[in-house]
1. Please find, within the range 67-107, the residue that is nearest to ligand 1 (Cβ to nearest atom) out of those that are open to solvent by less than 10 Å² (accessible area, probe 1.4 Å) and of a type in the set (Ser, Thr, Tyr).
2. Can you say whether Asp136 is modelled with pLDDT of 95 or more, closer than 21 Å to Asn476 by Cβ, away from ligand 1 (no atom under 16 Å from the Cβ) and of a type in the set (Asp, Glu), as far as the supplied structure shows?
3. Just checking, how many residues over the range 354-384 are more than 35 Å from the chain's Cα centre (by Cα) and small (Gly, Ala, Ser)?
4. Look at Asp335 and say whether it is closer than 26 Å to Thr396 by Cα and either part of a helix (DSSP H, G or I) or among the polar types (S, T, N, Q) (or both).
5. List, please: which pairs have Cβ atoms under 7 Å, are six or more places apart or on different chains, and start with a residue in the range 279-299 that is within 11 Å of Ile428 (Cβ to Cβ) and end with one that is within 11 Å of ligand 1 (Cβ to nearest atom)?
6. Inside the range 311-329, can you point out the residues that are in contact (Cβ under 8 Å) with a residue 40 or more places away in the chain and either over 24 Å from Tyr369 (Cβ atoms) or away from ligand 2 (no atom under 16 Å from the Cβ) (or both)?
7. Scan the range 385-403 for residues that are more than 29 Å from the chain's Cα centre (by Cα) and either within 16 Å of ligand 2 (Cβ to nearest atom) or open to solvent by 10 Å² or more (accessible area, probe 1.4 Å) (or both) and jot them down.
8. Quick one: which of Arg119, Arg94 is within 13 Å of ligand 2 (Cβ to nearest atom) and not aliphatic (A, V, I, L, M)?
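The values are calculated or read from the model by the stated rules, or taken from the named source; none is laboratory data. Just so we're clear, the structure is a prediction, and the values are computed from it rather than from any experiment. A quick note on method: Cβ atoms are made from the backbone with ideal geometry, for glycine too, and the neighbour counts reach across all protein chains shown. In case anyone asks, the SASA skips ligands and DNA or RNA and just uses the protein heavy atoms, side chains included. Shrake-Rupley method; radii C 1.70, N 1.55, O 1.52, S 1.80 Å.
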Amino acid sequence: MSKTIIISNRLPLQISLENDDLKVSPSVGGLATGLKSFHRDGDSIWIGWTGLTEEEIPEHLKEDVKEKAKEEACISVNLNQEELDGFYYGFSNRTIWPLFHYFMEFTEADKEHWETYKRVNQKYADIILEHYEDGDHIWVHDYQLLLVPNMIREQQPDAIIGFFNHIPFPSYEVFRTLPWREEVLKGMLGADLIGFHTYDYERHFLSSVSRILRHQVDFNEVALPDRIVKVDSFPMGIDYNKFESAALNHFENTAEEQSELQRRLDHHLEATPDAKLILSIDRLDYTKGIANRLRAFEYFLDNSPRYIEKIRLVMLAVPSRSNVPQYQRLKREIDELVGRINGKFSTVSWTPIWYFYRSMPFENLIDLYTSCDIALLTPIRDGMNLVAKEYVATRTNHTGVLILSEMAGAAQEMNEALIINPNNFDQIAGAIEQAINMPEEEQMQRMKMLQKRLKRYSVEKWAQDFMKTLRNTKANRDSFKSIRINSEVSETLMEEYSKANRRVLFLDYDGTLVNFTDKPEHASPDEELKEMIKTLHNQEGTDVVLISGRDKDTLGDWWKETKVELISEHGVWMRKSDKDWHLAENVRSDWMGAVRPVIENFVDRTPGTFIEEKNYSLAWHFRKADPELGEIRANELSNVLKELISNHGLSVLEGNKVLEIKSSGVNKGKASNKKLVDTQYDFIFAIGDDWTDEYMFRELPEEAYTVKVGIKKTSARFYVEDTKRVREILQKFIENG
Ligand code: ADP
Ligand code: G6P
C-alpha cells in the first residue's frame, strides 16, 4: 500500500542527552506541533533531524537514537556540526529566514553556507529516495528544504511531490535580492503542488516565478516544459480537539493535580480578582515583535497609569536558534527591556511582567492559555502563528480577547480578533484598553465565531485538503488528453511514416522549429535546421509545408535556397515549392492606419513591447515586457481592439506573448486543409506550439498526427516537451523516409 513520506528539517520529537541517557520531548514550532496529528493518524513515515549532532551522540547510543525515532514512525537524518553550521544556523536561518520575513538587514549571502545547504538538501533527498516506493506521496516541508523537491524529481520523474512553505514568501522586490534565486525557485518547482498559508504568499511566489524564470503562469498554474505545477493557499489549522479537551480536563483537576504554575496563577487571581492577565507565547525570534510588544506595553502603562497593579504581562519566550548572533542579541535586548520596565513600574506587591525564558510542558501551556484574559501577539512578520489559534481553542467558556498583529498569516482568518499593526503603539495601547474593558457578551460573541471557524478548518482538514489537491494534480497529469510522444509512440509513428506513400508535414516555425528569441528577426534558421528541412523536402513522397504567422518577406528570405513550401501570415500568402508567392486569401490592409496608433499608445506605456508590421496584419509583441504588466496590457489592448475593429471583418488573435490583428476567416486550419484538396495523403502530420496552431489541430482530418509543443491545453492528439524533441522527430523522419 502506498504511504505518505513527510520530510521536514526537524522531527516532531526532539532527542536530547541527559546523564548519558536519551530523553525524548516534543519539538516546539508550528510545523512540528501542527503536523503531528496528521502523522499520528495516517499511514506515513516522517524523515528529519532529531536535534542532536552526530558528534554529540555517543557511539553506543547511535542505534538507540534510530530506535527512539522508529518508535514514532520517524527516520532520523544525522547532521554533523559542520553541516548544521552551514545548513541550519547558516543558510536556513541567516539567509532564507530573515529574507523571507523582510529582515533584509539581517540577511547574509555566504557562498559556503549555500554550498552546505545544497549538500544537506541532497542528503535529505537521498534518504527519501531510499524509502520511496512507487505510488508513495512525498510531502516536503518548509524553507530549510527548498531544493529537495527537484532533487527527488531528477531521480524519480513520476513521483507525486507536494511542498509546503510554512513561512511567508516575500514580494518579488525582496526575493530578487537573493543571489541564488533561480536555483531556489527551480528547487521548489520540482513539486507538483506548492502550498502557502495565504494567498499573498502564493501571489508573491507566482510573481517571482514569472519574472525570474519567465515561465508562463496561468492563474495559479505554472507551465513548465514538461509538467504543470499547481500553487495554492491552505491556511494551516491546529489540532482543535486536542486543545479543547486539554482545557476541559484542566478545569476538572483537583488541587493536588494542579501544576505549580497553575497554583501561582490562581494565587494571583485570588489576590487581585479584578486584575487582568495578558499572555504572550513565542519562540524568542526577532520576527515575533517581542521588543515592540514590551515597548508598547510600557507606552500603555506610561499613558494609562490607572492600570498599574491592574494588569500583568505573562511572557513566555522559548529559546530558539541560539547560535545565530541576531538571536543572542535579541535575548540581551529582551532581558534588558523586561528589567527596565519592571524596575520602572514595580510596586511592593506587583511586577508588571512575568518573564519565562524556557520551554514548558504542554500542560503548562494549557495553564497559561486558560488563565489569561487576553492574548497579545504582535509579530512583525509571521507565516501563520498557531499560538493565536491555540489560545482561542482553549477558551472553552468563550471568554477572552485575542489581540493579533495584521502581519501574521493567521490574521487573515481571524477577523474577530482585535487586529493591530505591531509598529503602531497607539493602536496597541488602544487595543489593550479595549480588551480590558470588553463586555463579556462581546468577548463571547467574537470567541464563538473564531472557534467555529478554527474547529471546522482544523489541521486534519488542512492536511486532507492539501493531500486531496496533490492527488488531483496527479489525476490531472494522468488524464491529460494528449499523449506524450515517448519511445513507444514514436516507434508507431515512424512505422506509419515509412509505410506511407504520400506524406505531408505542416510545421509551425517559432516555438516549434526554433526557440523564441527576444526579437523576432533574431530567430533565423540555423544550419542544422536548414539541412533537415532540405533533406525532408527532397525526400521522395514527402511534402514539407512551413506554416507560420510570419510575414512573407522574412520567411521567403530565410528559405530562398531551400524552396520548401511556405504559408505565411497564417494563410494569407502561399509559396508553392519552386514558385513565387501568391495571395491565397482576399484580404485588405487599409485598416492598418487607423489601428496602428492605438497599438503605439500601448507600446509607449509598456516598456519592452513593440509592433511588427506584416503585409496584412499587425502584431504587438510583449515577450520582453514585465510578465504581469504584459498580460494586463494585452488583456486591455485586446478589449480596446475588439471594440475598434468590430464589423470590419477583422479579428484579434492571441498567440504566445503576442496579439495579432488580421482579417477574419484566415487561419492555419483553413490554410492547411487547402493543401489536402488536390492530393490524397496517407500520412498527415502537423506540429505547433501556440494558440494559432490549434486551428490546424481542430480542422485537419481525425487520423492526422497533430502534435503540440509544450504542456498546455490543446486539441492536438499528441505532445512533445520542447523544440529539441521536435528536431529529434524530424531526424527520425529523415531516417525512416
Ligand atoms: P513558530 O512556528 O514560528 O514557532 P507558531 O505560533 O506558529 O510559531 O507555533 C508555535 C508552536 O510551538 C505552537 O504550536 C505552540 O504550542 C508551540 N510552543 C510554543 N511554546 C512552547 C513551549 N514552551 N513548549 C512546547 N510547545 C510550545
Ligand atoms: C518555524 C518554522 C519551522 C521550524 C520552527 C522552529 O515554525 O517554520 O520549520 O521548525 O519554526 O524552529 P527551529 O529552528 O527550532 O526548528
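1. Among those that are open to solvent by less than 10 Å² (accessible area, probe 1.4 Å) and of a type in the set (Ser, Thr, Tyr), it is Ser92.
2. Working: modelled with pLDDT of 95 or more: yes; closer than 21 Å to Asn476 by Cβ: yes; away from ligand 1 (no atom under 16 Å from the Cβ): yes; of a type in the set (Asp, Glu): yes.
Yes; evaluated as a whole, the condition is true for this residue.
3. So the first thing to find is which residues in the range 354-384 are more than 35 Å from the chain's Cα centre (by Cα), and the list is 354-356, 363-364, 367-368, 370-373.
Okay, now just the ones that are also small (Gly, Ala, Ser), so 371.
The number of residues fulfilling the criteria is 1.
4. On the way: closer than 26 Å to Thr396 by Cα: no; either part of a helix (DSSP H, G or I) or among the polar types (S, T, N, Q) (or both): yes.
Here the answer is no, as Asp335 does not meet what is asked.
5. Gly289/Pro379; Arg293/Ser280
6. As a first pass, look at the range 311-329 and keep what is in contact (Cβ under 8 Å) with a residue 40 or more places away in the chain: 311-321, 323-324, 326-327.
Matches in the range 311-329: Ile311, Arg312, Leu313, Val314, Met315, Arg321, Asn323, Val324, Gln326, Tyr327.
7. Arg395, Thr396, Asn397, His398, Thr399 - these are the residues of the range 385-403 that are more than 29 Å from the chain's Cα centre (by Cα) and either within 16 Å of ligand 2 (Cβ to nearest atom) or open to solvent by 10 Å² or more (accessible area, probe 1.4 Å) (or both).
8. On the way: Arg119 fails: within 13 Å of ligand 2 (Cβ to nearest atom).
Just one listed residue meets the conditions, Arg94.
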